[in-house]
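Read-outs throughout are calculated quantities, based only on the coordinates presented, and are distinct from any laboratory measurement. Here the structure is a predicted model, which is why all the values come from computation and not from measurement. In this analysis, Cβ positions are derived from the backbone assuming ideal geometry, glycine residues included, and neighbour counts consider all displayed protein chains.
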């Protein structure tokens, strides 16, 4: 399903791509922070990978729900 808002089309693919790009930014920050705390590469990779997969799914679902909410949009 595609919803049109002010001439823009929001698709599931767009939401997915936005989610992945945001996660790349988040992964970078999390790797630095986790490694600074643990000083262990294996632990850093394990924590970061697990959390990022979960957050990609969560953010995608969050975007899809908000795409169905008309509140705050002007037509």
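Results, tabulated for the structure shown:
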read-out	value
Every residue from the range 33-54 that is over 19 Å from residue 20 (Cβ atoms) and surrounded by 12 or more Cβ atoms within 10 Å (Cβ to Cβ)	33, 34, 35, 38, 40, 43, 44, 46, 47
Options 71, 66; residue that is surrounded by 10 or more Cβ atoms within 10 Å (Cβ to Cβ) and under 24 Å from residue 8 (Cα atoms)	66
Which listed residue, of 46, 19, is assigned to a helix (DSSP H, G or I) and in contact with a helix residue (DSSP H, G or I) (Cβ under 7 Å, 6 or more places away or on another chain)	19
